[in-house]
Amino acid sequence: MYSFLKRNRTKVLIIPLIIYWLIILIGTSLPADSFADSIELSDKVKHFVAYMGLAVILGLNLHFQERWKLAKNFYIILTFFICITYGVVDELHQTLIPNRFAEFFDWVADSLGALAGILSVSVFIDRIKKNYIAD
């Protein structure tokens, strides 16, 4: 699995990251009343899940990239910092969208989701790296 992700990074990690991030950006750029909410979940759960997914894909991308060694070595911290910073920017951006508001607790949910995502990635990478080294 480790070598597969290294070899296929563009198809498996980079393209999904771009698509996922665009979906988040588009979804938060639409006025609140412009789409039907088909998923009956708490707003905070949606924020948590969205940023958990972002942290997973971004963390994997940073870990498997080879260009910047510092980013590779500190992918956990960098992923968390990027996600929480983007969460703040996204919440502030929503103040410009009709019927949208910046909420501190949305950002908290974003941050907790990012933390859960990056912890999941860390455990996943540790496990697949052990199997890769053992093979």
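The values are calculated or read from the model by the stated rules, or taken from the named source; none is laboratory data. Quick caveat, the model's predicted, so the values are computed rather than measured. For neighbour counting, all protein chains shown are included, and Cβ atoms are generated from backbone atoms with ideal geometry for every residue, glycine included.
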Pick from segment 97-135, criterion of a type in the set (Asp, Glu) and free of Cβ contacts under 8 Å to residues at least 24 places away in the same chain, ranking: farthest from Tyr75 (Cα to Cα): Glu103
Asp106, sole failed condition from (1) more than 18 Å from Ile24 (Cα to Cα); (2) of a type in the set (Asp, Glu); (3) in contact with a Lys or Arg (Cβ under 9 Å, 6 or more places away or on another chain): (1)
Of all residues making up segment 72-96, the number that are farther than 14 Å from Val121 by Cβ and without any contact (Cβ under 8 Å) to a residue 24 or more places away in the chain: 9
Residue match in segment 76-90 (condition: more than 11 Å from the chain's Cα centre (by Cα), surrounded by 14 or more Cβ atoms within 10 Å (Cβ to Cβ) and within 30 Å of Tyr132 (Cα to Cα)): yes
Residue within segment 45-68 that is over 18 Å from the mean Cα position of the chain (by Cα) and assigned to a helix (DSSP H, G or I) present: no
Ile39, sole failed condition from (1) modelled with pLDDT under 95; (2) in a helix (DSSP H, G or I); (3) β-branched (Val, Ile, Thr): (2)
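Any chance segment 104-118 includes a residue that's among the aromatic types (Phe, Trp, Tyr), surrounded by fewer than 16 Cβ atoms within 10 Å (Cβ to Cβ) and either touching a Ser or Thr at 6+ places or on another chain (Cβ under 6 Å) or not in a helix (DSSP H, G or I) (or both)? Before the answer, list the steps.
Residues of segment 104-118 among the aromatic types (Phe, Trp, Tyr): 104-105, 107.
Next cut, surrounded by fewer than 16 Cβ atoms within 10 Å (Cβ to Cβ) only: 104-105.
Next, only the ones that are either touching a Ser or Thr at 6+ places or on another chain (Cβ under 6 Å) or not in a helix (DSSP H, G or I) (or both) stay: none.
No, segment 104-118 has no match at all.
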Leading residue by the ranking (surrounded by the fewest Cβ atoms within 10 Å (Cβ to Cβ)) among those in segment 50-73 that are over 19 Å from Ser111 (Cβ atoms) and aromatic (Phe, Trp, Tyr): Trp68
Residues satisfying the stated conditions in segment 75-103, i.e. in contact with a Leu (Cβ under 9 Å, 6 or more places away or on another chain) and not in a helix (DSSP H, G or I): Ile97, Arg100, Ala102
